[in-house]
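Participant: Before I ask anything, let me first share the structure, which is written out below as structure tokens.
The values are calculated or read from the model by the stated rules, or taken from the named source; none is laboratory data. The structure displayed is predicted, hence computed values, not measured ones. Cβ atoms come from the backbone with ideal geometry, glycine included; neighbour counts cover every protein chain shown. All accessible areas refer to the heavy atoms of the entire protein, side chains included, with ligands and DNA or RNA removed. Shrake-Rupley method; radii C 1.70, N 1.55, O 1.52, S 1.80 Å.
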Amino acid sequence: MNAMSDAGLRVLSYSEAIREAMAIAMEADPTVILMGEDIGVYGGAFQVTLDLVDRFGKDRVMDTPISELGGAGVAVGAALTGLKPIYEFQFSDFAMLAMEQIVNQAAKLRYMLGGEASVPVVFRLPSGSGTGAAAQHSQSIEAWFGHVPGLKVLQPATPEDAKGMLLAALADPDPVMIFEHKLLYKMKGPVPEGSYHTPIGKALVRRAGTDVTIVAGSIMVHRALEAAEKLAAEGINAEVIDLRSIRPIDHETILASVRKTGRLMVVYEGVKAFGVGAEISAMVAESDAFDYLDAPILRLGAADAPVPYNPDLERAAVPQVDTIEAAARRLARREV
Amino acid sequence: MTAAEAISADNRPFAIRTYAPAQLREALRRMYLIRRFEEGAEDSYMRGLIHGTMHLSIGQEASAMATCMELTDADKITSTHRGHGHCIAKGADVGRMFAEFFGKETGYCHGRGGSMHIADVRTGNLGANGIVGGGLPIAVGAALTAKRLGRDDVTVCFFGDGANNEGAFHEALNMAAVWKLPVVFVCENNRYGMSTPAAYATAVRNIADRAVAYAMPGVTVDGNDFSAVAEAVHIAVARARAGEGPSLVENLTYRWRGHSKSDRNRYRTKEEIEEWMARDPIARFRAELIAHGILDEAGADAIAADAVATVEAGIAFAKDSPSPAVTDVTRYVYAES
Ligand SMILES: Cc1ncc(C[n+]2csc(CCOP(=O)(O)OP(=O)(O)O)c2C)c(N)n1
Ligand SMILES: [Mg+2]
């Protein structure tokens, strides 16, 4: 039996929601296959595929050797020719071993072939820090892929979006990368039954406000919402936008909010420099919304360092509720 | 009888006839130390003193120790995510290792790296690695340095059965071979890469068979037999030092514990684990040393007790050590001027 939310909706965890999306897609479409390291009996490094191998068999839930370049590339080739593979990286960090196939091949094939080819592959990438796994297992590299025309780059913050984005990605004719946050896998939330699509490229206002706009993605949405609640007690009313999609990016939702609040802060887990915040800040600075700004734009990203192992350093390296709260307060009071 | 005839007539195990008793006793001590260190780490993890994850090599101690028998501090190793054994075998201090686990400033990586990144430059350990296969090309680079600078040190590259399917493995072996570099590739085939059987993931039967493709010698040995490993690595190291190029040694072994702290062991049976536990490499080496009069039961017990005391002292040192300052989070990203 499933738990119910306050609104009477069924409640699932983020990983259950992703699993349900995969099962729905596999039931509906025999060309959907799963590939990845230890996604079979082990159930995936984060137990996301869990029992899918029992339900769909080893021919559709394929354990790959530890060969990210090859595995991702095989998924690209299969997508090019009629299958719809979902390739799971054990950690988003290992996508670096497959950069060639993702960036040189998957992203560019349609264009290089003048629109004659399609690569409907989906990459799932467990991401982010907070697990004590140190520098090579904790990165947030989603912005890198934002720089690549031909890719779509998503970041679900809730179980509902995790399911809806995966189903939308599978229906999309182009390569889609979904960065799932490791700390969110156990998070529970209402999830609609059946098939539905979370629109790709649409941000969502998670909390309406008037004083300052906080744009965040993935786990930072939850930290920003928590910070916003604390600020509300002091009379600072923050609007929190869940970016959801890094590429394509939803300009209009952000610009509309900035025109309203006159203050913009971007919060993300990737390294601050050259990150999602740079793109959004520049986009606002280049638009009419610039005239509405009452204060400089503020970016809150990770420290200029690899993710450290020591838990206190690890926490200090990325934005937390208290740092978001303090920064938003300074911005609202124009102390920046 | 000449000395050479005496050696060939000597049918004692390779290690016994090759190494001095003191060296053999030290090898046993380090094997106990590896075992107790990892048990201590596991225990600390259970008590919540260590965060993150860790990969234990319990059951694989002979592979680590016998491989390092003839290596000096000038010789290099590259290690893996399952690297505590390599680190201790190469001579690291368990206090500083524990301190790293506890995220302390006195740790080998000043608390920045944790279990998966321990390195000890002083003893030639270039580091564990969070990336499967990440150490393979680095080992070849270290061997290139030795060759270019005219030094006779060698590099031993540890990696797992899973790593042999990464492109880095193939690229590294090929380059080591074409440039005849002094590197010894040591595959610790513990039958699984996480949950994936080597027999499923790897096209060849023995990983050492891959050596043929890169025109280097390849040999598969019982990785729980100290002497078998020591002899195979001895030959490979001698070849490397003589400038004849790389070799591939495959140690067949088994990890008793799960892959990491989140393993439900669904891919193997309890019987299989027990069968391998009965082939304990430490008990086997200890019995061999006693049988050949290198030490007696009391001597072996004293060595085992010494390992326990060293681990306890190491944990105490780690607990008492200071944490890095949070304001130093960006320290060590670049060289300090
Ligand atoms: C490039 C890369 N892919 C996947 C992983 C996740 N991972 C860590 S260890 C491991 C299994 C490695 O197997 P093997 O090489 O046999 O070493 P063992 O763990 O058995 O010692 C996997 C898949 C990783 N760390 N790096
Ligand atoms: Mg293995």
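Participant: Which condition number in (1) more than 16 Å from ligand 1 (Cβ to nearest atom); (2) closer than 24 Å to B:His81 by Cβ; (3) open to solvent by 50 Å² or more (accessible area, probe 1.4 Å) is the one that B:Trp179 fails?
Facilitator: (2)
Participant: Being more than 30 Å from A:Ile24 (Cβ to Cβ), not in a helix (DSSP H, G or I) and not polar (S, T, N, Q) is the filter here; which residues of the stretch A:212-239 pass it?
Facilitator: Once the filter is applied, which keeps residues that are more than 30 Å from A:Ile24 (Cβ to Cβ), not in a helix (DSSP H, G or I) and not polar (S, T, N, Q), the stretch A:212-239 yields A:Val212, A:Ile214, A:Val215, A:Ala233, A:Glu234, A:Gly235, A:Ile236, A:Ala238, A:Glu239.
Participant: Turning to a different aspect of this structure: Take the conditions open to solvent by 10 Å² or more (accessible area, probe 1.4 Å), facing chain A (nearest Cβ under 8 Å) and at pLDDT 95 or above and apply them to B:Arg112. Does it pass?
Facilitator: Details: open to solvent by 10 Å² or more (accessible area, probe 1.4 Å): yes; facing chain A (nearest Cβ under 8 Å): yes; at pLDDT 95 or above: yes.
Spelling it out, B:Arg112 is indeed open to solvent by 10 Å² or more (accessible area, probe 1.4 Å), facing chain A (nearest Cβ under 8 Å) and at pLDDT 95 or above.
Participant: Applying the selection to the stretch A:96-127, what residues are more than 16 Å from ligand 1 (Cβ to nearest atom), open to solvent by less than 30 Å² (accessible area, probe 1.4 Å) and among the small types (Gly, Ala, Ser)?
Facilitator: Correct list: A:Ala106, A:Ala107, A:Ala117.
Participant: Could you tell me which of the residues B:Ala74, B:Ala62, B:Ala89 is touching a residue at least 40 places away in the same chain (Cβ under 8 Å) and in contact with a Pro (Cβ under 6 Å, 6 or more places away or on another chain)? Walk me through how you get there before you give the answer.
Facilitator: On the way: B:Ala74 fails: in contact with a Pro (Cβ under 6 Å, 6 or more places away or on another chain); B:Ala89 fails: in contact with a Pro (Cβ under 6 Å, 6 or more places away or on another chain).
Result of the check over B:Ala74, B:Ala62, B:Ala89: B:Ala62.
Participant: Hey, can you tell me all the residues within the stretch A:304-336 that are assigned to a loop (DSSP other than H, G, I, E, B) and either open to solvent by 40 Å² or more (accessible area, probe 1.4 Å) or closer than 27 Å to A:Thr261 by Cα (or both)?
Facilitator: At the first step, the residues of the stretch A:304-336 found to be assigned to a loop (DSSP other than H, G, I, E, B) are A:304-310, A:318-320, A:333-336.
Scanning the stretch A:304-336 gives A:Asp304, A:Pro306, A:Val318, A:Pro319, A:Gln320, A:Arg333, A:Arg334, A:Glu335, A:Val336.
Participant: Mind counting the residues in the stretch B:189-213 that are open to solvent by less than 40 Å² (accessible area, probe 1.4 Å) and more than 14 Å from chain A (Cβ to nearest Cβ)?
Facilitator: Qualifying residue count for the region: 2.
Participant: So the check is Cβ under 9 Å with 6+ separation or different chains; which pairs have a first residue in the stretch B:176-195 that's free of Cβ contacts under 8 Å to residues at least 12 places away in the same chain and a second one that's away from ligand 2 (no atom under 16 Å from the Cβ)?
Facilitator: Between residues of the stretch B:176-195 that are free of Cβ contacts under 8 Å to residues at least 12 places away in the same chain and residues that are away from ligand 2 (no atom under 16 Å from the Cβ), the close pairs are B:Val178/B:Tyr214; B:Val178/B:Ala215.
Participant: Considering every residue within the stretch B:83-94, establish whether at least one is among the charged types (D, E, K, R) and within 14 Å of another protein chain (Cβ to nearest Cβ). First the steps, then the outcome.
Facilitator: Keep residues of the stretch B:83-94 that are among the charged types (D, E, K, R), which gives B:90, B:93.
Next, from what is left, pick out any that are within 14 Å of another protein chain (Cβ to nearest Cβ): none.
No, because not a single residue in the stretch B:83-94 is among the charged types (D, E, K, R) and within 14 Å of another protein chain (Cβ to nearest Cβ).
Participant: Moving to a separate point now. The conditions are (1) crowded, with 19+ Cβ neighbours inside 10 Å; (2) within 12 Å of chain B (Cβ to nearest Cβ); (3) outside any helix (DSSP H, G or I), and A:Lys58 fails exactly one of them. Which is it?
Facilitator: Unmet condition: (1).
Participant: For the stretch A:65-82, name all the residues that are more than 16 Å from ligand 1 (Cβ to nearest atom) and either buried (at least 19 other Cβ atoms within 10 Å of the Cβ) or part of a helix (DSSP H, G or I) (or both).
Facilitator: Step one: filter the stretch A:65-82 for residues more than 16 Å from ligand 1 (Cβ to nearest atom), giving A:76-82.
Selection gives A:Val76, A:Gly77, A:Ala78, A:Ala79, A:Leu80.
Participant: Just checking, which of B:Ala139, B:Ala143, B:Ala163 is buried (at least 24 other Cβ atoms within 10 Å of the Cβ), within 12 Å of chain A (Cβ to nearest Cβ) and under 19 Å from the mean Cα position of the chain (by Cα)?
Facilitator: Values: B:Ala139 fails: within 12 Å of chain A (Cβ to nearest Cβ); B:Ala143 fails: within 12 Å of chain A (Cβ to nearest Cβ).
Residue meeting the stated conditions: B:Ala163.
Participant: Looking at (1) away from every other protein chain (no Cβ under 14 Å); (2) of a type in the set (A, V, I, L, M); (3) over 22 Å from B:Thr155 (Cβ atoms); (4) outside any loop (DSSP other than H, G, I, E, B), find the lone condition where B:Ile77 falls short.
Facilitator: (3)
Participant: Suppose we filter the stretch B:306-337 for residues that are within 22 Å of B:Ala20 (Cα to Cα) and of a type in the set (A, V, I, L, M); how many remain? Reasoning before the result, please.
Facilitator: Filtering the stretch B:306-337 for residues within 22 Å of B:Ala20 (Cα to Cα) gives B:306-307.
Restricting the remaining residues to those that are of a type in the set (A, V, I, L, M) gives B:307.
Here the count works out to 1.
Participant: Does A:Asp93 qualify as being surrounded by fewer than 24 Cβ atoms within 10 Å (Cβ to Cβ) and touching a residue at least 40 places away in the same chain (Cβ under 8 Å)? Write out each step before concluding.
Facilitator: Values: surrounded by fewer than 24 Cβ atoms within 10 Å (Cβ to Cβ): yes; touching a residue at least 40 places away in the same chain (Cβ under 8 Å): yes.
For A:Asp93, the condition - surrounded by fewer than 24 Cβ atoms within 10 Å (Cβ to Cβ) and touching a residue at least 40 places away in the same chain (Cβ under 8 Å) - is met.
Participant: So, A:Gly150, is that one open to solvent by less than 10 Å² (accessible area, probe 1.4 Å) and assigned by TED's automatic domain parsing to the domain that holds A:Val122 or not?
Facilitator: no
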